[in-house]
Amino acid sequence: MKILVADDDHLIRKMLQMMLMKMGHEFVEASDGREALALLESPQSPIDIAILDWGMPEFEGVEICRRLRENESSCYLILLTGKGTEQDIVTALQAGANDYLTKPFTEDNLRVRILVGAKYLQMRKKLSTRVAELEGGLIEREEFDSLLGGMINSEKGVSDLLFVSRKPPQVEAFGKLKPVSVGNWGDVLAPADIQRLANFMLGTNERLRADYQSSGSCDLSYEIEGCARMRVNLYKQNGSPAIVMRKLESKVPNLSALNTPEIFNEFLKEKNGVILVTGSTGSGKTTTLAAMLNELNETQDIHIVTLEDPIEFLHEQKRGTFSQRQLGHDFNDFSTGLRAALRQAPKVIFVGEIRDRETMEIAMSAAETGHLVFSTLHTVNAGQTINRILGMFPKEDEQQIRQRLAETLRAVISQRLVGKNGGGRQLITEIMGNSLRTREAICYGESEGRNFNDIIEASVIKGWHSFDQCLLKAYEEDLITEDTAMLYCNIKSSMKHKLDRLKQIRGTAIDMGIGLRLSQE
């Protein structure tokens, strides 16, 4: 069990640490009330039992009990008191403490209270699961797997399954949503229907339930044996539960199958630095990174540590050695997991997503100490990526961060998936590597004559290209339509001019915009 000891007396904390670790529990400590409260209110790393000193600085233990009970915390609370008078005990229980421990205490005193707390939490967990079942009803695994399997096989190219109230079950295939009917699951869904599915997947996982209740969403994974693995997001919308499930490919992709540019292989020769793959949700970032890591796995004798939420592609042990860690199962948050990864002798580290300043700070530190770090950001191009990173840090640190970023950033690969002629989707990329000009733009900022788009478009000889250049090439190869190129381009006037020139070269008619068409022979 995970047990927090909060006391401003260092000797008391040390003594409790020795006793608790001897009993086989995970120990967390805080030296004052404010630190204890922050740990107890964090949804990322739930505490099972908290032992709180009555008279701590900042917040007294009894005040923390009151606050946690107001927020309906499920943590088992034990108050440490020096007197143990009848009035103290009454006050502690009224404040919301489950038990008390009087100083001085013995290991047997502590063990009894921990056993009682463990039994209480076990019973509470069973009760909460039962309540959830009664609220939403029960669904058997066989029925659930049959529903998901039927949805996956209902169309070619299914990538996502959606369950939203007042709509039937839906699948997304090649970017378009379609309703489906599987067995008894074909009608418009009520909130209770979706709650049944959610209860089944959440099970007795208190961390996921806490995430869902506190933040309105939670992430998990689900596997249909012999059929598919799914990345699941359970969330609230308009007060009702909703579920989106992303189908994960069982086979790890390779770069040649994805038809990625040759420069991807050049990026993999880097020995240190940060490589970012960016784009919106569903743009194929994870697939691209899985293929890059697979290439390293097949060609280099190195240790690769991944931090994922959840694990999407299961990599085999080939020439490389893979350690795949999942948020909530193997580590509590990305910054903690990344800090720990530095002690696990990796050459390559993959961080599922850079979500905050601390994770970005550690990623740059890892790159500076000889590691190659891969990660993702929800940004649409190189310029926005740099600005997003700078925005994570205080203004007074900007120049220092610009300098560090210029020295550590090896590549930004931005992706979009667009409609493809004949069906399916076409990968469109923007690729920016590292050069004197990019380092200058990062260090001093963009200005007239010094912006990332111009630098990228002028570096085609290096294997880089902008989104517009990639769209134009795809149109030239008849992979996408003119409308698609115009819809997804960055600079529409320039793209229109280039498309017209291409049509002139091809000898096609140009729309003159006044009802006339001029044929170029």
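The values are calculated or read from the model by the stated rules, or taken from the named source; none is laboratory data. What you see is a predicted model; the values in this text were computed from it and never measured. All Cβ positions, glycine included, derive from the backbone under ideal geometry; neighbour counts span all protein chains shown.
For the stretch 405-440, which positions are assigned to a loop (DSSP other than H, G, I, E, B), of a type in the set (G, A, S) and farther than 24 Å from S375 by Cβ?
G422, G423, G424
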Review point. Out of all the residues in the stretch 457-480, is one or more out of contact with any strand residue (DSSP E or B) (no Cβ under 6 Å at 6 or more places or on another chain), surrounded by 15 or more Cβ atoms within 10 Å (Cβ to Cβ) and free of Cβ contacts under 8 Å to residues at least 12 places away in the same chain?
Key: no
Considering the stretch 417-437, residues that are touching a Leu at 6+ places or on another chain (Cβ under 8 Å) and either among the small types (G, A, S) or at pLDDT 95 or above (or both), and then whichever is farthest from N265 (Cα to Cα), we arrive at I428
Scanning the stretch 198-217 residue by residue, the ones that are modelled with pLDDT of 80 or more and within 19 Å of N332 (Cβ to Cβ) total 10
| Check on I275, surrounded by 16 or more Cβ atoms within 10 Å (Cβ to Cβ), assigned to a strand (DSSP E or B) and either in contact with a Lys or Arg (Cβ under 9 Å, 6 or more places away or on another chain) or basic (K, R) (or both) | yes
Looking across the stretch 148-174 at residues that are surrounded by 15 or more Cβ atoms within 10 Å (Cβ to Cβ) and either at positive phi or in contact with a helix residue (DSSP H, G or I) (Cβ under 8 Å, 6 or more places away or on another chain) (or both), the single one that is modelled with the lowest pLDDT is F174
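Yes/no per residue for (1) modelled with pLDDT of 80 or more; (2) touching a Gly at 6+ places or on another chain (Cβ under 8 Å); (3) outside any helix (DSSP H, G or I):
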position	(1), (2), (3)
V28	yes, no, yes
E35	yes, no, no
A38	yes, no, no
R66	yes, yes, no
N109	yes, no, no
G117	yes, no, no
L121	yes, no, no
L127	no, no, no
Inside the stretch 246-264, the number of residues satisfying the requirement of being of a type outside the set (F, W, Y) and modelled with pLDDT of 95 or more is 1
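When the residues of the stretch 441-461 are narrowed to those that are aliphatic (A, V, I, L, M) and in a helix (DSSP H, G or I), which ends up nearest to T385 (Cα to Cα)?
The initial filter retains those residues of the stretch 441-461 that are aliphatic (A, V, I, L, M), namely 441-442, 455-456, 458, 460-461.
Now drop any that are not in a helix (DSSP H, G or I), which leaves 441-442, 455-456, 460-461.
On the way: A441: 13, I442: 11, I455: 15, I456: 14, V460: 20, I461: 23 Å.
Only one residue fits best here, namely I442.
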